[in-house]
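Trainee: Provided herewith is a single structure, encoded as structure tokens, for subsequent inquiry.
The values are calculated or read from the model by the stated rules, or taken from the named source; none is laboratory data. This is a predicted model, so every value here is computed, not measured. Note that each Cβ is placed from the backbone with ideal geometry, even for glycine, and that neighbours are counted across all protein chains shown. Areas reflect the complete protein model, heavy atoms only, side chains present, ligands, DNA and RNA absent. Shrake-Rupley method; radii C 1.70, N 1.55, O 1.52, S 1.80 Å.
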Amino acid sequence: MADLIQIAAGNFLSPMVLFFALGVAAGYVQSDLTIPEPISKALSLYLMLAIGFKGGVALASSGIDSMVAVALTVAIGLSLFLPVIAFSLLRAVTSLDSRNAAAIAAHYGSVSIVTFVAATSFLEYRQVPYEGFLVAMLAVMETPAIITGLLLARRSLGQASSDRESVFSPQVLRQVFLCGSVVLLAGSFMIGWTTGDGGMQIMAPLLKEPFQAVLAIFLLDMGLLVGKRLGDFGQVGKQLVMFGIYMPLIGAAIGMAAAAAIGLSVGGITLVAVLAASASYIVVPAAMRLSLPQANPAIYVTLSLAVTFPFNLAVGIPLYHAIAGMIGPA
Amino acid sequence: MQLHPKKRIEIVVEASCAPSILEMIEAAGAKGYTVLQDVSGKGNRGIRDDSHLTDVFRNVLIIVIATEEIAHEIINNSQPLLENYAGIVTMSDVDVVRDEHF
């Protein structure tokens, strides 16, 4: 227990979390501090490229075995299944209508790439190894939840036939299969896997040393966005804010059980917990805005970006890691 | 110089809705359009300037210049598309130099 507190405190005082906190504070008091959009976009592309490439290289050196296929199946399963739990909980304990509940549920099956990246940086700092294919799990978890969310919405929308058809528009399907972050993650993963350690030698000066610092700058930007969203808490309501905290814990517990069952390392269990706990705030909101336009984006974006993301970043990652250490292989 | 009267339509709309509006504009027969990314402002959905991360809180400005007939079709077709989205649609009279471009 003392260890856990120490790890959590250490995580609180990392530059990443502190820059994030700075951003939240500055955004909340409406400082004119901003990171220009193209730069923020470039930082996020960098993070995706780096994490994808590193994962591919790690897989090239560890080699591929049946575990990879099992792990990917588990990942897709989690992404498809977690929204069902989220939806049932939301309908049971809150007064949300089914469209908003389905939209929120889809966010919780999908993942937050930045939370994952922060967790890998947490593990690397503590020299805890993790399996390279975890990055592939990240990539395949991003979009299946959209399909579950839309099916849940369609089922509860009943017989209004025009609504039923428009839920799966070609635009949404394109987003599910060809969304930019999935293409970049999967693509750099394949390039890293193909080129292996030789490729890493070429990319290392850009991808290895600056990685943590770039992450810290990106988290400053995330903090600014979160700070601005804090004003929408009133619309979200206390019940939903609570959901934004206990849903990641439920997701993490399911993720950890699945990861331990297929025999992942402590680092791997931690990361699967993070994947199952995190909620999307880029890909899924865009898809939900198109498919369920009546659902309120101020609710679902605020919940995943301003409640669940900070919770996972500050508390979730060290917590999941501590539990993974207890249940994982020695 | 000879000028030709046309209609100019401006549509401020949230970014995630823009592709379907642009598709509709082309289907209506307009020969082109201009899109200004990241416009910010305030309206009945509050301040809209969060251009980062997600398109959900971002607005774009679409400008179309077309003949009166096509312009009216665009205006009519825009309303069902905008039902659940932030959107401002205006039409004004303009004169263009190169008639064959519009």
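Trainee: State yes or no: is A:MET222 in a helix (DSSP H, G or I), crowded, with 17+ Cβ neighbours inside 10 Å and modelled with pLDDT of 90 or more? Write out each step before concluding.
Mentor: Numbers: in a helix (DSSP H, G or I): yes; crowded, with 17+ Cβ neighbours inside 10 Å: yes; modelled with pLDDT of 90 or more: yes.
In short, yes.
Trainee: If you take the residues of the stretch B:1-57 that are open to solvent by 30 Å² or more (accessible area, probe 1.4 Å), among the charged types (D, E, K, R) and over 14 Å from the mean Cα position of the chain (by Cα), which of them is farthest from A:SER291 (Cα to Cα)?
Mentor: The selected residue is B:LYS42.
Trainee: A:GLY234 - would you say it is in contact (Cβ under 8 Å) with a residue 24 or more places away in the chain and either touching a Ser or Thr at 6+ places or on another chain (Cβ under 8 Å) or small (Gly, Ala, Ser) (or both)?
Mentor: Values: in contact (Cβ under 8 Å) with a residue 24 or more places away in the chain: no; either touching a Ser or Thr at 6+ places or on another chain (Cβ under 8 Å) or small (Gly, Ala, Ser) (or both): yes.
No; evaluated as a whole, the condition is false for this residue.
Trainee: Is it the case that some residue within the stretch A:196-212 is on the phi > 0 side of the Ramachandran plot and open to solvent by less than 30 Å² (accessible area, probe 1.4 Å)? Full working, then the answer.
Mentor: The initial filter retains those residues of the stretch A:196-212 that are on the phi > 0 side of the Ramachandran plot, namely A:196.
Then keep just the ones that are open to solvent by less than 30 Å² (accessible area, probe 1.4 Å); that gives A:196.
Yes, the stretch A:196-212 contains a residue that is on the phi > 0 side of the Ramachandran plot and open to solvent by less than 30 Å² (accessible area, probe 1.4 Å).
Trainee: Please pick out the residue among A:GLY27, A:GLY23, A:GLY52 that is over 14 Å from A:GLN212 (Cβ atoms), over 21 Å from the mean Cα position of the chain (by Cα) and buried (at least 18 other Cβ atoms within 10 Å of the Cβ). Step through it out loud before you land on a result.
Mentor: On the way: A:GLY23 fails: over 21 Å from the mean Cα position of the chain (by Cα); A:GLY52 fails: over 21 Å from the mean Cα position of the chain (by Cα).
Criteria check complete, one pass: A:GLY27.
Trainee: Can I ask one more? Looking only at the stretch A:257-299, which residues are in a helix (DSSP H, G or I) and within 12 Å of chain B (Cβ to nearest Cβ)? Walk me through how you get there before you give the answer.
Mentor: Residues of the stretch A:257-299 that are in a helix (DSSP H, G or I), as a first pass: A:257-261, A:266-277, A:283-291, A:297-299.
Listed by number, the residues that qualify are A:VAL283, A:VAL284, A:PRO285, A:ALA286, A:ALA287, A:MET288, A:ARG289, A:LEU290, A:SER291, A:PRO297, A:ALA298, A:ILE299.
Trainee: May I pose another question? Mind checking whether some residue in the stretch A:237-256 is within 11 Å of another protein chain (Cβ to nearest Cβ) and at pLDDT below 90?
Mentor: no
Listed here are the residues, each with its yes/no results for (1) assigned to a helix (DSSP H, G or I); (2) within 24 Å of A:ALA298 (Cβ to Cβ).
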site: B:GLY32; (1), (2): no, no
site: B:LYS42; (1), (2): no, yes
site: B:ILE47; (1), (2): no, yes
site: B:LEU53; (1), (2): no, yes
site: B:ILE65; (1), (2): no, no
site: B:ALA71; (1), (2): yes, no
site: B:ASN84; (1), (2): no, yes
site: B:VAL89; (1), (2): no, yes
site: B:ASP95; (1), (2): no, no
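Trainee: Check A:THR302 against each of (1) free of Cβ contacts under 8 Å to residues at least 24 places away in the same chain; (2) within 14 Å of chain B (Cβ to nearest Cβ) and name the one condition it does not meet.
Mentor: If we test A:THR302 against (1) free of Cβ contacts under 8 Å to residues at least 24 places away in the same chain; (2) within 14 Å of chain B (Cβ to nearest Cβ), just (1) comes out false.
Trainee: Quick one: which of A:ALA213, A:ALA204, A:ALA186 is among the hydrophobic types (A, V, I, L, M, F, W, C) and touching a helix residue (DSSP H, G or I) at 6+ places or on another chain (Cβ under 6 Å)?
Mentor: On the way: A:ALA213 fails: touching a helix residue (DSSP H, G or I) at 6+ places or on another chain (Cβ under 6 Å); A:ALA204 fails: touching a helix residue (DSSP H, G or I) at 6+ places or on another chain (Cβ under 6 Å).
A:ALA186 is the lone residue from the list that is among the hydrophobic types (A, V, I, L, M, F, W, C) and touching a helix residue (DSSP H, G or I) at 6+ places or on another chain (Cβ under 6 Å).
Trainee: While we're here: Across the stretch B:7-30, which residue is farthest from A:PRO38 (Cα to Cα) among those that are assigned to a helix (DSSP H, G or I) and away from chain A (no Cβ under 14 Å)?
Mentor: Kept after step one, since they are assigned to a helix (DSSP H, G or I), are these residues of the stretch B:7-30: B:15-27.
Right, trim to away from chain A (no Cβ under 14 Å) and you get B:25-27.
On the way: B:ILE25: 28, B:GLU26: 29, B:ALA27: 31 Å.
Looking at the filtered set, the residue picked out is B:ALA27.
Trainee: Give the number of residues within the stretch A:83-102 that are open to solvent by less than 10 Å² (accessible area, probe 1.4 Å) and either among the polar types (S, T, N, Q) or under 16 Å from the mean Cα position of the chain (by Cα) (or both). Spell out how you get there, then give the answer.
Mentor: First pass over the stretch A:83-102, keeping only residues open to solvent by less than 10 Å² (accessible area, probe 1.4 Å): A:83, A:86, A:90, A:101-102.
Checking the rest, the ones that are also either among the polar types (S, T, N, Q) or under 16 Å from the mean Cα position of the chain (by Cα) (or both) come to A:83, A:86.
The qualifying residues number 2.
Trainee: Take A:GLY223 and tell me if it is within 14 Å of chain B (Cβ to nearest Cβ) and in contact with a helix residue (DSSP H, G or I) (Cβ under 6 Å, 6 or more places away or on another chain). Give the derivation first.
Mentor: Numbers: within 14 Å of chain B (Cβ to nearest Cβ): yes; in contact with a helix residue (DSSP H, G or I) (Cβ under 6 Å, 6 or more places away or on another chain): yes.
For A:GLY223, the condition - within 14 Å of chain B (Cβ to nearest Cβ) and in contact with a helix residue (DSSP H, G or I) (Cβ under 6 Å, 6 or more places away or on another chain) - is met.
Trainee: Between a residue in the stretch A:310-330 that is modelled with pLDDT of 95 or more and open to solvent by less than 10 Å² (accessible area, probe 1.4 Å) and any residue that is of a type in the set (Gly, Ala, Ser) and not in a helix (DSSP H, G or I), which pairs come within a Cβ distance under 6 Å, given they are 6 or more apart or on different chains?
Mentor: A:ASN312/A:SER278
Trainee: Then there is this: Can you give me the number of residues within the stretch B:80-98 that are out of contact with any Pro (no Cβ under 8 Å at 6 or more places or on another chain), within 14 Å of another protein chain (Cβ to nearest Cβ) and surrounded by 10 or more Cβ atoms within 10 Å (Cβ to Cβ)?
Mentor: Residues flagged as out of contact with any Pro (no Cβ under 8 Å at 6 or more places or on another chain), within 14 Å of another protein chain (Cβ to nearest Cβ) and surrounded by 10 or more Cβ atoms within 10 Å (Cβ to Cβ) within the stretch B:80-98 amount to 4.
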